[in-house]
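The values are calculated or read from the model by the stated rules, or taken from the named source; none is laboratory data. None of these values were measured; they are calculated from a predicted model. Glycine also receives a Cβ, built like all others from the backbone with ideal geometry; neighbour counts cover every protein chain displayed.
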């Protein structure tokens with residue numbers, strides 16, 4: 001037995017109800033009966049002209065090389081674009097998207113996080129002015145068919161074997177990472193090739209590459225050509241860490257992001273720092289998250305305390321980054337690299353400042369630093 | 001054996017687990033349910049509810065009813081099946097109706113599945129009516145229609161019965177059902193869960 005939607009084959013998750021067998025693994029997406037054949041939803045043909053694109057900045061030499069390679073490779077195989085944070089991954093696939101749209105193929109851009117869907121929708125709308133671009137995410141799915149669909153990985157369950165090109169952004173991010181149901185749904189939504197975009201491929205992707213199911217294209221340079229900011233590590237008791245943090249926050253002319261491991265710590269740190277500087281807090285429980293981020297974006301030297309919700313996909317030009325209690329168990333290597341990658345993303349301020357504060361020596365933090373140094377060293 | 005909600009395998013690991021009642025949900029999932037075991041009066045009738053209608057309960061009920069996950073039918077009453085059988089010995093469960101449309105979509109009667117495990121006789125004497133057929137009904141029936149519930153014509157009602165539903169939220173379905181039942185029946189009321197707003201007794205007696 002195999003679920004047609006999530007590709008589950010574990011017999012324990014199938015249940016025989018009064019209407020027949022169904023899969024319980026992906027039941028939260030509605031009941032998928034085993035005997036019924038799933039039909040691909042009807043989609044409109046892609047409008048001609050929608051493949052025309054304009055980029056806000058011309059691609060650098062290195063970028064356009066990778067972009068060409070990618071657009072060529074998707075004819076024959078799936079692609080893993082392994083690029084450092086801030087290398088302009090979205091821009092790298094624009095050429096491939098355009099090529100597919102021109103051939104009248106259906107393209108989808110899927111991201112694990114809802115937050116990023118909104119941002120990306122606006123960006124791609126600018127890049128493809130003639131195409132109909134829609135965002136599909138929880139609470140916003142009245143319309144699900146367009147020339148270019150941007151959706152969360154959860155919403156992919158609506159598209160059975162629909163897309164000729166599926167672009168999976170940050171497939172190593174929560175909640176997609178290690179989630180068998182979402183992996184299955186992504187696989188069944190796509191009938192053609194897949195492009196994976198990430199700075200930190202997880203074991204599942206590395207495994208796929210080893211098996212030869214995809215080819216890996218690397219880009220270890222940001223468009224401004226500067227090295228990635230290398231994190232400075234400070235190990236001290238928490239009280240002293242707070243002191244270091246305060247010194248770091250003084251005399252700032254750039255926005256600063258402080259990452260903390262838990263929501264509780266975010267609020268505690270906010271209570272402490274508010275005595276000295278004005279700062280805002282952003283966690284998964286923050287209701288007006290979009291507003292808080294927008295406000296932070298407007299300010300020239302704002303401070304935001306955040307949990308890992310802002311770890312990926314958010315670009316605040318010219319910001320510096322501090323990770324507080326970097327040794328905490330919730331941070332994994334990929335997360336640390338991503339957070340460090342928030343810094344130094346603008347042309348005006350290409351060398352960001354990254355500070356890792358830990359209260360005990362952590363091998364993971366050092367490994368992360370090594371990875372970043374490695375990426376800086378072997379620029380292709 | 002896996003937990004029906006989270007799918008984690010269940011084992012008797014700790015000493016305390018040995019004394020737990022046999023269950024189809026794991027301890028973590030079950031702990032989210034707030035057990036109240038409340039005995040109260042609903043319109044003067046003896047009524048009983050097992051749980052508070054909270055987030056964990058409602059997500060389980062949603063998965064069961066709206067997603068049509070029939071496997072969850074035991075999650076609600078399995079641990080209390082003996083208690084309920086003892087409590088309502090000699091009575092017949094009268095299951096409250098759900099709209100025909102929903103039931104068709106679901107493909108099964110969710111209340112029947114839910115109460116099946118107790119081992120008491122069950123009937124479904126009610127009909128939930130749509131608004132279309134109102135014109136064909138007489139005055140008295142139309143009054144009953146205000147609640148959206150009528151008795152199936154010619155249904156035989158047992159003298160001792162229990163009105164059974166999954167959740168009492170506003171209580172209006174229950175009131176509607178009570179109002180169409182003839183006088184002189186020995187009626188009890190049972191719901192798996194009760195919304196927290198019904199903690200004051202007056203709201204239910206009114």
> Which members of the range A:248-304 meet the condition of being within 16 Å of residue A:322 (Cα to Cα), under 23 Å from the mean Cα position of the chain (by Cα) and in contact (Cβ under 8 Å) with a residue 60 or more places away in the chain?
Replying inline: A:255, A:256, A:257, A:258, A:259, A:260, A:261, A:262
>> Tell me whether the range B:52-62 contains one or more residues that are at positive phi and within 12 Å of chain A (Cβ to nearest Cβ).
In response: no
>> Residue under question is residue B:82, and the condition is that it be away from every other protein chain (no Cβ under 14 Å), closer than 21 Å to residue B:20 by Cβ, surrounded by fewer than 14 Cβ atoms within 10 Å (Cβ to Cβ) and modelled with pLDDT under 95; does it hold?
In response: yes
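Consider residue A:67 carefully, then state whether it is within 24 Å of the chain's Cα centre (by Cα) and away from chain B (no Cβ under 14 Å).
Taking the combined requirement at face value, the residue satisfies it.
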> What is the residue count in the range A:327-343 for residues that are touching a strand residue (DSSP E or B) at 6+ places or on another chain (Cβ under 8 Å), over 18 Å from residue A:172 (Cβ atoms) and touching a residue at least 40 places away in the same chain (Cβ under 8 Å)?
Replying inline: 1
> From the list A:182, A:197, which residue is surrounded by 17 or more Cβ atoms within 10 Å (Cβ to Cβ), assigned by TED's automatic domain parsing to the domain that holds residue A:150 and part of a strand (DSSP E or B)?
Replying inline: A:197
>> Can you find, within the range A:120-139, the residue that is surrounded by the fewest Cβ atoms within 10 Å (Cβ to Cβ) among those that are without any contact (Cβ under 8 Å) to a residue 24 or more places away in the chain and in a helix (DSSP H, G or I)?
In response: A:122
>> I need every pair where a residue in the range B:1-14 that is more than 14 Å from chain A (Cβ to nearest Cβ) has its Cβ under 9 Å from the Cβ of a residue that is part of a loop (DSSP other than H, G, I, E, B), sequence separation at least 6 or different chains.
In response: B:11/B:1; B:12/B:20
>> Being at the interface with chain B (Cβ under 10 Å from one of its Cβ atoms) and surrounded by fewer than 21 Cβ atoms within 10 Å (Cβ to Cβ) is the filter here; which residues of the range A:14-30 pass it?
In response: A:14, A:15, A:16, A:17, A:18, A:19, A:20, A:28, A:29, A:30
> If you go through the range A:89-100 one residue at a time, do you hit one that is in contact with a strand residue (DSSP E or B) (Cβ under 8 Å, 6 or more places away or on another chain) and either under 17 Å from residue A:173 (Cα atoms) or assigned to a loop (DSSP other than H, G, I, E, B) (or both)?
Replying inline: yes
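Test residue A:34 against the stated conditions and say whether it is farther than 26 Å from residue A:147 by Cα, in contact (Cβ under 8 Å) with a residue 12 or more places away in the chain and more than 14 Å from chain B (Cβ to nearest Cβ).
Judged against the criteria, residue A:34 is not a match.
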>> If I filter the range B:100-121 for residues that are closer than 22 Å to residue B:175 by Cβ, more than 14 Å from every other protein chain (Cβ to nearest Cβ) and not in a helix (DSSP H, G or I), do I get at least one hit?
In response: no
